[in-house]
Amino acid sequence: MTRFSEELRREADPIYRAIFDHPFVRGIADGTLRKEQLIHYVKQDFEYLNAYIRLYGIAISKCDSRDTMALFNEQISFILHSETHPHNNFCSVAGVSYEQLQGYPLAPSANHYVRHMLSVAHAGTLEDILAAMLPCPWTYTEIGAKLLAEVKPDRSHPFYDWMHFYGSFEGGITEKMRLLLDERAESLSPDRKKRLTEHFVASCRLEYMFWDMAYTLEEWPVSAAQTEGAGR
Ligand SMILES: Cc1ncc(CN)c(N)n1
């Protein structure tokens with residue numbers, strides 16, 4: 001029997017392929033990204049990952065098993081203590097400190113992505129949350145694996161650390177989230193599965209837009225009079 005998550009992946013395949021071909025991802029492969037693009041990405045991704053930690057918090061509040069609570073708790077630690085490495089890789093190539101890039105407001109596409117996941121999480125069940133959160137690790141796992149296989153970077157490549165970090169995700173959190181979702185999807189109606197597919201596809205589209213936002217240095221077209229706070 002085809003896994004439900006396999007059906008999701010198939011549905012979103014054109015979006016995955018567009019992400020692999022996106023100029024930001026190609027720029028990681030060939031090391032040609034500009035300093036401003038790396039800086040914009042890190043500013044936005046720092047806030048995005050803060051929101052992702054909050055999503056795990058909401059997911060924990062909707063869990064019925066200790067094992068799943070423990071998994072989400074571990075993932076919060078992973079973001080706090082390990083997912084800083086790829087950010088530090090971009091910062092060192094851009095020649096800026098990580099601390100300088102923290103606390104900025106979310107740009108339109110990043111804001112859209114975060115709002116999408118948070119609204120699904122607040123209104124939905126654990127399977128709604130898993131469907132909306134899954135493209136985050138899944139697309140990066142595939143990008144990392146593809147870039148490692150294609151570029152075979154040596155230590156002199158500026159994004160060696162980034163590629164190795166995400167290229168070694170395989171079988172980790174993506175597979176664990178898929179198993180949780182597949183297990184729960186077995187008892188769901190076709191209408192509920194359709195809804196989960198919509199959450200998943202929307203997050204895949206927003207992954208694409210996040211790369212585009214970083215590449216084009218997307219900002220709000222008009223600024224506000226007051227100093228804006230972080231992307232909460
Ligand atoms: C936008 C985004 N998507 C996914 C990942 C990988 N956790 C990330 N750091 N940022």
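The values are calculated or read from the model by the stated rules, or taken from the named source; none is laboratory data. These figures come from a predicted structure and were not determined experimentally. When we count neighbours, we look across all protein chains shown, and the Cβ atoms used for this are built from the backbone with ideal geometry, even at glycine. The protein model used for the area step is the full one, side chains on, heavy atoms only, and it has no ligands, DNA or RNA in it. Shrake-Rupley method; radii C 1.70, N 1.55, O 1.52, S 1.80 Å.
Taken one residue at a time, the phi angles of the range 88-95 give Karplus couplings (6.51, -1.76, 1.60, θ = phi - 60°) of 5, 4, 4, 4, 5, 5, 7, x Hz. Gly and Pro are set to x. For the pair the range 164-196 / the range 61-105, the C-alpha centres are spaced 20 Å from each other.
Comparing the range 89-184 with the 2.2 N^0.38 Å rule of thumb, its C-alpha radius of gyration ratio is 1.32 (two decimals). Take the range 62-157 with all the other protein chains still there, run a 1.4 Å probe, and you get 44 Å² of accessible area per residue.
Against the main long axis of the alpha-carbon atoms of the chain, helix 108-123 sits at an angle near 20°. Packing-based ranking of 139-148, 199-208, 182-191, 125-134 yields 125-134, 199-208, 139-148, 182-191, ordered from highest to lowest mean Cβ neighbour count within 10 Å.
In this structure, the amide hydrogen of TYR104, modeled 1.01 Å from its nitrogen in the peptide plane, lies closer than 5 angstrom to those of GLY231, counting only residues at least 5 positions away or on a different chain. Ranking LEU179, TYR166, ALA132 by Cα position along the charge dipole of the chain, where only Lys, Arg, Asp and Glu carry charges on their C-beta atoms, puts ALA132 farthest toward the positive end.
In the chain, the longest principal axis of the Cα atoms and the axis of helix 35-61 are about 20 degrees apart. Highest mean packing comes first when the peptides 61-74, 25-38 are listed by Cβ atoms within 10 Å, giving 25-38, 61-74. Working note: 222 nm ellipticity from helices only, DSSP H runs with n ≥ 4, each -39,500 (n - 2.57), summed and divided by the residues of the chain, gives -23000 deg cm²/dmol to the nearest 500. Averaging 1/r over every pair of different alpha carbons in the chain and inverting the result gives a Kirkwood radius of 18.3 Å.
Length gained on full extension, LEU118 to GLU7: 37.6 nm, using 0.36 nm per residue less the C-alpha separation. Protein heavy-atom surface of the range 4-216, 1.4 angstrom probe: 51% of the accessible area is carbon and sulfur, with nucleic acids and ligands not counted. Coupling constants for the range 207-218 follow from the phi torsions by the Karplus curve (6.51 cos²θ - 1.76 cosθ + 1.60, θ = phi - 60°), and in residue order they are 4, 4, 5, 5, 4, 5, 4, 5, 5, 8, 6, 4 Hz; glycine and proline get x.
Model label points for TYR98 and SER61, set 7 angstrom from Cα along the Cα-to-Cβ axis, are 2.8 nm apart. Counting 0.36 nm for each residue step from SER223 to ARG54 and taking away their Cα separation leaves a gain of 58.2 nm.
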